[in-house]
Amino acid sequence: MIKTLVYVVLILIGLCLSPLIVGQSGYVYIAIGDYQVETSLVVGVIGLIVFYFALQLLEWLIVLLLNIVLSSRYLPEEWRRKAAKKHTLIGALALAEEDWPAAERAMAKGAEKGEIPVLNLFAAARAAHYQGDITARDHYLTQAEVHPIAKTAVYTSRTRYLIKQGEFVKARAILDTLSPTSKSSAPVLKLAQELYLQQQDWQALKLLLPILKKRQLLAETEWSQLNTKTNNILMLNAAKTSEAELNKCWHWLNKSERKQDELILAYAHGLIQYGHKEQAIKLIHKQVNASPSAALFSAIPDLISAQDQDIRKLLGRLETSHENDADYQMCLAKLAIQSRDTKQAKIHWQNVCRIAPTHQSWLALAQAQEQLGENSTAAHSYRNAANIM
């Protein structure tokens, strides 16, 4: 811009001085080979300026022509890239609207010359999956797998889609290639958790749970429930296998897990199964003495008999603190029935119906009252049971 302005100023100065120059003598003589040119100074200066501008124009035209020639071979490529961006945008909007057919078409087209074709292929695969087009989905994932950096993502996506299809065996084969460890990504670990649960592979889940806790991928309550469930099922399965497996499973638990009611009861059932009832009763006695709970009160009547007096005495000492505990009163009522003490059973069933009446508790009370010959009160209890149904 400044250069052009300088040229314009020089031309204006020349125009202003030309009348003065015209009146002066002088000429210009140019000889090039056999060619000779003789003219006045003014005409020579003007000719020089015109020649310069003509040279500048020629230079500009040559540069423009060269740029067009050099860039013309890339024009189709540039157009395709712009089209790919447009298709990707359209596909993203279609995904947001869950218009799966439009999303698949746009993303597939955008992958051809897109800046990040892998993302387009994953999006197209997702759209195809939601349409139930498994062949197209797998085709897009196979294309994406060509990129080495996307290999783990491809396996993760395949595993997730196969789980949704119910193809757990195929999903497990792919998941095993990912080898879920503490260094694996969060999506891989979550997929492993889901698949192990679907396959009921409690042993694999047992090994995975510490990693899930360390990575904080589950809420504390959810993790605790899943951990207890896993250990409980492993304990029950071990009891079905052998006594050695049962003890191995029990000693595999950490100190805090051995204090959980569900696991103590599962182990106790296994011990009784293999003829170690005394050891089982001691274990339950210790747990009731340390931390009595509804789970223990519910299980005790099925684990002990009328001859197990020690634990009955322990339960009797808890009556003051658990007078208004329906689970405790129900436990004592069932133990009284074991001992054929119908009168004491009636008292405890009355307490249960006072604290937390249910259809079953009213029926149990009515039956106890009938055995004692209290037909009038038994009929009243039956009516109460009918009203709760």
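The numbers here are math on the coordinates, done by the rules we state, and not lab data. All values derive from a computational prediction rather than experimental measurement. Cβ: placed from backbone, ideal geometry, glycine included. Neighbour counts: every protein chain shown.
Results, tabulated for the structure shown:
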quantity	calculated
Separation between Cα centres of the stretch 286-337 and the stretch 185-225, rounded to whole Å	35
Where labels lie 7 Å past Cα in the beta-carbon direction, separation of Ile68 and Arg354 in nm	10.6
Rounded if a/c under 1.5, otherwise prolate or oblate - the stretch 219-315, Cα gyration tensor axes	oblate
Added length on full extension, which subtracts the Cα-Cα distance from 0.36 nm per residue, Lys259 to Ala295	11.7 nm
Residue with peak Gaussian network fluctuation, the chain [Cα springs, cutoff 10 Å], from Arg340, Arg80, Arg137	Arg340
Max mean-square fluctuation residue, GNM over the chain, Cα-Cα springs under 10 Å, options Leu65, Leu212, Leu372	Leu65
Stretch gain in nm, segment Glu194-Lys229, where the contour uses 0.36 nm per residue and the Cα spacing is subtracted	11.1 nm
Prolate/oblate/rounded label for the stretch 319-389 (Cα gyration tensor, a/c 1.5)	oblate
Distance in nm between pseudo-label sites at Ala219 and Trp252 (7 Å out along the Cβ direction from Cα)	2.9
Separation in nanometres of the label points that stand 7 Å from Cα toward Cβ, at Gln338 and Gln203	3.5
In the stretch 104-171, GluC sites (Glu not before Pro) in a DSSP loop with at most 11 other beta-carbon atoms within 10 Å	Glu115
Computed lengthening from Ile134 to Ile46, 0.36 nm per intervening residue step minus Cα-Cα distance	23.8 nm
Efficiency of FRET between Glu115 and Ala186 - r from beta-carbon atoms, R0 30 angstrom, step 0.05	0.65
Option label - semi-axes √(5λ) of the Cα gyration tensor in Å computed here, alternatives (1) 40, 24, 18; (2) 96, 25, 21; (3) 33, 22, 20	(2)
Rounded if a/c under 1.5, otherwise prolate or oblate - the stretch 138-184, Cα gyration tensor axes	oblate
³J(HN,Hα) computed for each position of the stretch 267-273 - Karplus, 6.51 cos²θ - 1.76 cosθ + 1.60, integer Hz, glycine/proline x	5, 4, 4, x, 5, 5, 4
Under 12 Å from the Cα of Lys82 - aspartates and glutamates, other chains or at least 8 residues apart	Glu112, Glu115
